[in-house]
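Right, one structure below, let's go through it.
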Amino acid sequence: MSILDIIIFLFFTGGVVVFGCSFFNKKRSSEEFTSAGRSLPGWVVGMSIFATYVSSISYLAYPGKAYMSDWNAFVFSLSIPIASYFAAKYFVPFYRSIGSVSAYSFLEERFGPWARVYASSCYLLLGWDIKMIIAVTSVAIIAYSMLGGLKAVIWTEAIQGFILIGGAIACLCVLMFKMPEGPAQVFQIAITDQKFSLGSFGSSLTESTFWVCLIYGIFINLQNYGIDQNYVQRYLTAKSDKQAKFSALFGG
């Protein structure tokens, strides 16, 4: 990691912490802390959902997979609009009607305490990687989340979402215009090597075909929109049911 990388990381992390902590004085109640007082515009919540969804797999692994083979993994993303439609139509109205900020509390109400404990435990059983950059980031996130509440989390994630999109566009421009023969050469090479292929459209269930990826993606994304606390709690932060539905669609 170069000095410039360290400066950018510290500057960005510090900026996010300061911005997130600025919501401390605006947090007057538990309702404000856990659901942002149900006052946020749909586009902010939607961008937060997007930023929550995007990970290093989305940003690095999928492009690497496409470079090594084709766009078969992209089919998974094609399922997101389908899942977000069902989320806006069914999940958002349901969670906003019961008024709980926790998906796990509904599981307990519906199936008993074991369901809540089981579901919440599954999301906590993650591997630990002791690296300084992760430690610093974790402490920073905890700090502004505790001080600023969910409103700080959503606004900072919305900003990060724009940065992620901007970074991807910047990378695309650099890659396209650094080709010796210009941007057209990218498409020529990709078409020749079948890089735009979405995979086989055959009926095999033992291969990563278009249909296998699509169906798998629909179920995984319905799970995300339906029971993942990262999504459910955000539905309740929008200022109206209409804005909440829009946030689910916009995020997708």
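The values are calculated or read from the model by the stated rules, or taken from the named source; none is laboratory data. If you're wondering where the values come from, they're calculated on a predicted model, not measured in any experiment. Quick reminder, even Gly has a Cβ in these numbers, built from the backbone with ideal geometry, and neighbours come from all protein chains shown. These accessible areas exclude ligands, DNA and RNA; they are computed on the full protein's heavy atoms, side chains included. Shrake-Rupley method; radii C 1.70, N 1.55, O 1.52, S 1.80 Å.
Name the long-range amide H neighbours of Ser200: under 5 Å, sequence gap of 5 or more, or other chain; modelled H, no Pro or chain starts.
Here the answer is Phe210, since their amide H atoms fall under 5 Å of that of Ser200.
Can you run phi through the Karplus equation (6.51, -1.76, 1.60; θ = phi - 60°) for the stretch 234-240 and list ³J(HN,Hα) in whole Hz, with x for Gly and Pro?
Working through the residues one at a time gives 6, 4, 7, 7, 5, 6, 8 Hz.
Straight-line reach from Lys151: which aspartates and glutamates fall under 16 Å, measuring Cα to Cα and dropping same-chain residues less than 8 apart?
Candidates past the 8-residue exclusion: Glu31, Glu32.
I'd like to verify something in the chain: which complete DSSP H helices, judged by Cα projection on the helix axis, reach 24 Å or more and average at least 0.5 on the Kyte-Doolittle scale?
Values: long enough: 3-21 (27 Å, 2.45); 132-177 (44 Å, 1.89); 210-227 (25 Å, 1.28).
Once both thresholds are applied, what remains is 3-21, 132-177, 210-227.
If you take all C-alpha pairs in the stretch 98-202, what percent of them are over 19 Å apart? Walk me through the numbers before you get to the answer.
Working: 3995 of 5460 pairs.
Taking all Cα-Cα pairs of the stretch 98-202, the fraction more than 19 Å apart is 73 percent.
Ser138 versus Glu109, label points 7 Å from Cα toward the beta carbon: distance in nm?
Going from the Ser138 label point to the Glu109 one covers 3.3 nm.
Rank these residues by their accessible area, most exposed first, probe 1.4 Å: Thr137, Thr192.
Working: Thr137 45, Thr192 110 Å².
Sorted by accessible area, descending: Thr192, Thr137.
Let's test the formula: R0 of 35 Å, r as the Cβ-Cβ distance of Phe86 and Met176. What FRET efficiency results, to the nearest 0.05?
Numbers: r = 35 Å, r/R0 = 1.01.
Computed FRET efficiency for Phe86 and Met176 comes out at 0.50.
Rolling a 1.4 Å sphere over the protein heavy atoms, what is the accessible area per residue of the chain, to the nearest Å²?
Roughly 60 Å² per residue, with all protein chains present.
How large a share of the accessible area of the chain, in percent, is made up of carbon and sulfur atoms when the probe is 1.4 Å and the other protein chains stay in place? Numbers along the way, then the final one.
Numbers: 10850 of 15230 Å².
Carbon and sulfur atoms account for 71 percent of the accessible area of the chain.
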